[in-house]
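Trainee: Okay, here's the structure, questions in a sec.
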Amino acid sequence: MQQGMIFKYKKISGQFIHTLCDGDLLYRLGLIPNQVVGKALHEFLPTESAMEKTKYYQRAWEGEELVTYESMINGIFYLAALRPIKHSGEVVEVIGSCVDITERKKAEKALRESEYKYRLIAENMTDSIMLFDINGHVLYASPSNEKVIGLSQKDVVINKIIDRVHPEDVPLLLAKFNQIVKTKSSLQMEFRFLHANGYWILMECVGTLVIGKNGETEHIIIVGRDITEKRKAEEQLSKSEKLTVVGELAAGVAHEIRNPLTSIRGLIQLLQQGIIKQEFFEVIHDEFNRLEDIIKEFLNLAKPKEIQIKKSNLEKILKDVEILMESEANMKNVRIFSQIEPDIPMIYCDINQIKQVLVNLIKNSIEAIPSGGYVNIQAVKEKSNVLIKIIDNGVGINEERLKKLGEPFFSNKEKGTGLGLMLCFKIISLHKGSITFISENNKGTTVEIRLPLS
Ligand code: ADP
Ligand code: MG
């Protein structure tokens, strides 16, 4: 009546004949004692299975003390252990005892399958996956690392990894790492990494802690990808958007240049006719200065430049942009005027990028004014920011559209790109500032840009 199964066999005229077999397991295998007792293996098992078991039977019969094997009959797995019984040194009989291991087999199979599934995912991800213990030792590195960073799995060792991070990025990376451990949260990090083939790639990684049962950190998983190409494409996009703006402004600038040129030509004609007055020269001089300013600003906007954050004079930036935009505004019958608080503090920024934002915003304002209006540029100091406002009395933006501002290709203009604002948002967030739109249909729009003082 036992849970498992017990059997005995002897060798009789060259064949292993069972002399006993019983136990719960026997019935579960779909057999009864009569089918086994007095029979050889091949009489109740398929040939192949009988032949395999005969080998084990033989070993026990030859005196080997513990022969074990696993088998399956009728979908039930069992483990058998054979023990020889000896009389004066000679084996006279073998006892086999079997236990049901189906559950264990099932669990093993499920584990294997799920392990296989996760391995399949890990091994086939194009992202790089690394698993570290809390001492920073690498426990696992996915094969994709070979492609992403050029290191094979066995080459992924913590020292090699850190050594390949750009020296300027190491402190930030370590700080992020500590922060992950301290706050037990996931964090994103971006750093330059020296690919094994000798070139720099830009990596974007997410680090996550794996917390064990007792609440302690067990592992850190880092999943990362090479975003060099993506970043390049973004930069390309920003460049092409800039060129679009430059192209569109060109008409206005050309128009604006014509005015001083016309007055200079007129004065020169007067001079030719012998009418010479001192103030002619002053006017010519002023007009030349204005020409120079416009052209200088225009070229500044068009020229590609390295990003350079430095302490900058906001008042000058705003004035420069005003000069540049005046031509466009004049053509559209829009008056631009600025109100800048005296002693507005210096800010840390990339001058050209901030100019680009202002040009984009003022251009949008001008374009939103169908027939005459104004664009007012204000700048005031707040507690820890400077606040720049671009106010227009244009068509405004309805609530629904307001929510979508900053999404690329969201434009309601025939030739619009919808990239201008996306770029503005990006640049301002890079400056750790904020940008807000307040607008009412047919009343106008106010854009508020806040840039931190420190
Ligand atoms: P584009 O100017 O090429 O259309 P932008 O990203 O600069 O792209 O602007 C996106 C959209 O936001 C514009 O098409 C317009 O509908 C709206 N918009 C932006 N600024 C203003 C504004 N000052 N007044 C009215 N609508 C605006
Ligand atoms: Mg625009």
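Trainee: Restricting to the stretch 416-438, and then to whatever is touching a Lys or Arg at 6+ places or on another chain (Cβ under 9 Å) and near ligand 1 (Cβ under 10 Å from one of its atoms), can you tell me which residue is nearest to PRO370 (Cα to Cα)?
Mentor: Restricting to residues being touching a Lys or Arg at 6+ places or on another chain (Cβ under 9 Å) and near ligand 1 (Cβ under 10 Å from one of its atoms), the top hit is GLY420.
Trainee: Separate question: Considering the stretch 334-374 alone, what residues qualify as being free of Cβ contacts under 8 Å to residues at least 40 places away in the same chain and away from ligand 1 (no atom under 16 Å from the Cβ)?
Mentor: Within the stretch 334-374, ILE340, PRO342, ASP343, MET346 qualify.
Trainee: When you look at SER365, is it within 16 Å of ligand 2 (Cβ to nearest atom) and surrounded by 20 or more Cβ atoms within 10 Å (Cβ to Cβ), yes or no?
Mentor: Judged against the criteria, SER365 is a match.
Trainee: From the residues in the stretch 1-14 that are surrounded by 15 or more Cβ atoms within 10 Å (Cβ to Cβ) and not in a loop (DSSP other than H, G, I, E, B), which one is nearest to the chain's Cα centre (by Cα)?
Mentor: The selected residue is MET5.
Trainee: Looking at the stretch 224-237, I want the residues that are farther than 17 Å from THR126 by Cβ and have a partner that is among the hydrophobic types (A, V, I, L, M, F, W, C) and in a helix (DSSP H, G or I) with Cβ atoms under 9 Å, at least 6 apart or on another chain. Which pairs are those?
Mentor: LEU237/MET422; LEU237/LEU423
Trainee: Another question, if that's okay. Out of everything in the stretch 31-48 that is assigned to a helix (DSSP H, G or I) and touching a residue at least 24 places away in the same chain (Cβ under 8 Å), what residue ends up being surrounded by the fewest Cβ atoms within 10 Å (Cβ to Cβ)?
Mentor: Quick first cut of the stretch 31-48, residues assigned to a helix (DSSP H, G or I) only: 33-36, 41-43, 47-48.
Checking which are touching a residue at least 24 places away in the same chain (Cβ under 8 Å) leaves us with 36, 41.
Working: VAL36: 24, LEU41: 21.
So the residue we want is LEU41.
Trainee: Out of all the residues in the stretch 340-349, is one or more crowded, with 18+ Cβ neighbours inside 10 Å, within 21 Å of LYS239 (Cβ to Cβ) and modelled with pLDDT of 90 or more?
Mentor: yes
Trainee: Only one of (1) under 30 Å from VAL357 (Cα atoms); (2) in the same structural domain as ASP163 (by TED's automatic domain parsing) is not met by LYS213, so which one is it?
Mentor: All conditions pass for LYS213, except number (1).
Trainee: Mind listing whichever residues of the stretch 415-431 are in a loop (DSSP other than H, G, I, E, B), more than 9 Å from ligand 2 (Cβ to nearest atom) and at pLDDT below 90?
Mentor: Within the stretch 415-431, just LYS415 meets the criteria.
Results for (1) under 19 Å from the mean Cα position of the chain (by Cα); (2) at pLDDT 85 or above, shown as yes or no for each residue.
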position	(1), (2)
TRP200	yes, yes
CYS205	yes, yes
ILE211	no, yes
GLU234	yes, no
LEU249	no, no
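Trainee: Considering each residue of the stretch 170-195, count those that are over 16 Å from the mean Cα position of the chain (by Cα) and either surrounded by 15 or more Cβ atoms within 10 Å (Cβ to Cβ) or in a helix (DSSP H, G or I) (or both), and give that number.
Mentor: 14
Trainee: Check ILE344 against each of (1) under 22 Å from ASN441 (Cα atoms); (2) away from ligand 2 (no atom under 16 Å from the Cβ); (3) β-branched (Val, Ile, Thr) and name the one condition it does not meet.
Mentor: (1)
Trainee: Within the stretch 374-396, can one find any residue that is small (Gly, Ala, Ser), away from ligand 2 (no atom under 16 Å from the Cβ) and not in a strand (DSSP E or B)?
Mentor: For the stretch 374-396, residues small (Gly, Ala, Ser), away from ligand 2 (no atom under 16 Å from the Cβ) and not in a strand (DSSP E or B): present.
Trainee: I would also like to ask the following. Quick check, is VAL245 part of a helix (DSSP H, G or I), touching a residue at least 60 places away in the same chain (Cβ under 8 Å) and either within 17 Å of the chain's Cα centre (by Cα) or surrounded by 15 or more Cβ atoms within 10 Å (Cβ to Cβ) (or both)?
Mentor: Yes: the conditions hold for VAL245.
Trainee: Next question, about the same structure. Taking the stretch 419-454, which residues are over 17 Å from LYS383 (Cα atoms) and more than 29 Å from the chain's Cα centre (by Cα)?
Mentor: Listed by number, the residues that qualify are ILE438, SER439, GLU440, ASN441, ASN442, LYS443, GLY444, THR445, THR446, VAL447.
Trainee: Answer yes or no: is there a residue in the stretch 228-241 that is more than 29 Å from VAL334 (Cβ to Cβ) and not in a helix (DSSP H, G or I). Spell out the reasoning first.
Mentor: Within the stretch 228-241, the subset more than 29 Å from VAL334 (Cβ to Cβ) is 228-236.
Then drop every residue that is not not in a helix (DSSP H, G or I), which leaves none.
No: the stretch 228-241 contains no residue that is more than 29 Å from VAL334 (Cβ to Cβ) and not in a helix (DSSP H, G or I).
Trainee: So, in the stretch 267-320, how many residues would count as being outside any helix (DSSP H, G or I) and touching a helix residue (DSSP H, G or I) at 6+ places or on another chain (Cβ under 7 Å)?
Mentor: Going through the stretch 267-320 one residue at a time, the tally reaches 4.
Trainee: Considering every residue within the stretch 278-301, establish whether at least one is surrounded by 13 or more Cβ atoms within 10 Å (Cβ to Cβ) and within 16 Å of ligand 2 (Cβ to nearest atom).
Mentor: Scanning the stretch 278-301 turns up at least one residue that is surrounded by 13 or more Cβ atoms within 10 Å (Cβ to Cβ) and within 16 Å of ligand 2 (Cβ to nearest atom).
Trainee: May I pose another question? From the list GLU113, GLU70, exactly one residue is among the acidic types (Asp, Glu) and assigned to a helix (DSSP H, G or I). Which is it?
Mentor: GLU113
The values are calculated or read from the model by the stated rules, or taken from the named source; none is laboratory data. As the structure is a prediction and not an experimental result, all values here were calculated from the model. So basically every Cβ, Gly included, is an ideal-geometry build from the backbone, and we count neighbours across all protein chains shown.
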